[in-house]
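One structure is given below, encoded as structure tokens.
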Amino acid sequence: MPEPSYTDIEKAVRTEKRQIWAAWLSGGVIWLIITNATRNVPVVSVITQVLLIVLGVAFTYIAIKMTRALNRKADTARRRVLGDE
């Protein structure tokens, strides 16, 4: 099986990054909808707002970490394809 080209690697990296951030965005929108839907129930509203903040920060950190790991993996693959290794 032939080695993937530099262009193939770039396309795969861009696609995976889009998927990571699309999942992050859609999850955030869902949490905002849930938080908005529960705003008239005092205790539940506070809980969902706290969860929105805590999980939003956690998922942002995870998405950034995944993107950085993907960048490192792609950089290694690029060096291998270009023969710099």
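The values are calculated or read from the model by the stated rules, or taken from the named source; none is laboratory data. No experiment lies behind these values; they were computed from the predicted model shown. Quick reminder, even Gly has a Cβ in these numbers, built from the backbone with ideal geometry, and neighbours come from all protein chains shown.
When you scan segment 28-58, how many residues do you find that are within 30 Å of residue 9 (Cβ to Cβ) and at pLDDT 95 or above? Talk me through it step by step, then tell me what you get.
If we filter segment 28-58 for residues that are within 30 Å of residue 9 (Cβ to Cβ), which is where we start, we get 28, 58.
Those left that are additionally at pLDDT 95 or above: 58.
Total satisfying the criteria: 1.
Find the residue count for segment 1-30, including only residues that are under 20 Å from the mean Cα position of the chain (by Cα) and within 30 Å of residue 81 (Cα to Cα). Give the derivation first.
Taking segment 1-30 and keeping what is under 20 Å from the mean Cα position of the chain (by Cα), we get 9-30.
Those left that are additionally within 30 Å of residue 81 (Cα to Cα): 9-23.
Total meeting the criteria: 15.
Is it the case that segment 31-54 has a residue that's assigned to a helix (DSSP H, G or I) and under 12 Å from the mean Cα position of the chain (by Cα)?
From segment 31-54, those assigned to a helix (DSSP H, G or I) are 31-37, 42-54; that's our starting set.
Keeping just the survivors that are under 12 Å from the mean Cα position of the chain (by Cα) gives none.
For segment 31-54, residues assigned to a helix (DSSP H, G or I) and under 12 Å from the mean Cα position of the chain (by Cα): absent.
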**Message:** Looking at (1) free of Cβ contacts under 8 Å to residues at least 60 places away in the same chain; (2) surrounded by 10 or more Cβ atoms within 10 Å (Cβ to Cβ); (3) not β-branched (Val, Ile, Thr), which one does residue 5 not meet, given that it meets all the others?
**Reply:** (1)
**Request:** May I ask you to verify whether residue 15 is hydroxyl-bearing (Ser, Thr, Tyr), exposed (fewer than 12 other Cβ atoms within 10 Å of the Cβ) and assigned to a helix (DSSP H, G or I)?
**Result:** yes
